[in-house]
Amino acid sequence: MVKNAVERYIRVDLKYKFQILTDIVWVMLNIIAFGLLGNIVSGVNVDMNGQSLRDFLLVGVLFWAFFDRAYTDTVETIPEEASRGTIGFLVTNNVSILTLLISRNISSTLKTFLYTLLVIPILYFVGVFHFSILSLPIIIGTFLLIWLFMITISIFISSFNIIFKRVTPFAQMLLYGLKIASGYYFPIQALDAYIPGISGLAFGLPVVSGLYFVRDVAISNNMEHMGEYLTSMIFGTIVMGVVAFVTYKMLEKKSQKWGTLEFY
């Protein structure tokens, strides 16, 4: 009996080839992230703008703690509503999926904001933060810009949930990739030793320029590159917003035609 059940689940899992590919990439990303982190800890010379690795990592943890949960909750909105049996009711009562996604993101962000507020005094106490009160509005504005960018990413990924199932592993892989690219685990300049010039391209992503700007201001009270960082964040958010909206509307029309939400 167990043997037959095992074979059945294997056959089911093999039907989701995209998830298999996602799992493979997930393993590779872990190897890259922690392999490079190990190299840096071992003494690889990377310019960190005078920031210690401890401060570098702690600010990265705070930064992503603010966005991680809201992103995950948003991507899981449609599957959760489907598991409750409420997705058909919402659709037939003209409740927009886009409204659900944005509402879920906002509620999760408010909850996460309260959590992260508890961490800030601790980072002050251990001597991570050195920014002045005058810099606080700039830091808050940066977080708001990145929050908008992460909403667009969340909507983009969630759009595929309208048509397909088991998108969550891909969503987590993308989040992990964004963390690596943003310098969550190690300074992205370390990648230049393997792919010359890749760090310069990475700064075009709002999460990369945003996290590095927050580090510069919070740790070093340095706003020297503020114009470049803000340009990257604003432009990147606008572009991703357009891509997310077009993708959502396209897949929403397909779902209405195929009835994929009503029978999710």
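The table below lists the values:
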quantity: Any hit, the range 63-74, residues being surrounded by fewer than 16 Cβ atoms within 10 Å (Cβ to Cβ) and without any contact (Cβ under 8 Å) to a residue 24 or more places away in the chain; calculated: no
quantity: Odd one out for ARG215, checked against (1) surrounded by 19 or more Cβ atoms within 10 Å (Cβ to Cβ); (2) within 28 Å of TYR124 (Cα to Cα); (3) touching a residue at least 40 places away in the same chain (Cβ under 8 Å); (4) in contact with a Leu (Cβ under 9 Å, 6 or more places away or on another chain); calculated: (4)
quantity: Any pair with Cβ under 6 angstrom, 6 or more apart, that starts in the range 132-156 at a residue that is touching a residue at least 60 places away in the same chain (Cβ under 8 Å) and at negative phi and ends at one that is of a type in the set (S, T, N, Q) and assigned to a helix (DSSP H, G or I); calculated: LEU148/THR237; PHE149/THR237; ILE151/ASN105; SER154/THR74; SER154/ASN105; PHE156/THR247
quantity: Which listed residue is out of contact with any strand residue (DSSP E or B) (no Cβ under 6 Å at 6 or more places or on another chain), buried (at least 19 other Cβ atoms within 10 Å of the Cβ) and on the phi > 0 side of the Ramachandran plot, from GLY197, GLY183, GLY127; calculated: GLY183
quantity: The range 137-180, residues that are of a type in the set (A, V, I, L, M, F, W, C), modelled with pLDDT under 85 and assigned to a helix (DSSP H, G or I); calculated: ILE162, ILE163, PHE170, MET173, ILE180
quantity: Number of positions in the range 160-173 that are surrounded by fewer than 24 Cβ atoms within 10 Å (Cβ to Cβ) and polar (S, T, N, Q); calculated: 2
quantity: Number of the exception - SER107 against (1) crowded, with 22+ Cβ neighbours inside 10 Å; (2) under 22 Å from THR86 (Cβ atoms); calculated: (1)
quantity: Single residue of the range 218-227 satisfying the filter (in a helix (DSSP H, G or I) and in contact (Cβ under 8 Å) with a residue 24 or more places away in the chain) that is surrounded by the most Cβ atoms within 10 Å (Cβ to Cβ); calculated: ALA218
quantity: Total residues in the range 181-216, condition in a helix (DSSP H, G or I), of a type outside the set (A, V, I, L, M) and touching a Phe, Trp or Tyr at 6+ places or on another chain (Cβ under 9 Å); calculated: 8
quantity: Set ILE133, ILE157: member being exposed (fewer than 12 other Cβ atoms within 10 Å of the Cβ), under 30 Å from PHE203 (Cβ atoms) and of a type outside the set (Lys, Arg); calculated: ILE133
quantity: When residues of the range 223-264 are limited to those that are farther than 22 Å from THR74 by Cα and aromatic (Phe, Trp, Tyr), the one modelled with the highest pLDDT; calculated: PHE235
quantity: Some residue of the range 254-261 being closer than 21 Å to TRP64 by Cβ and part of a helix (DSSP H, G or I); calculated: no
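The values are calculated or read from the model by the stated rules, or taken from the named source; none is laboratory data. Computed from a predicted model, the values in this text were never measured in an experiment. Note: ideal-geometry Cβ built from the backbone for every residue, glycine included; neighbour counts use all protein chains shown.
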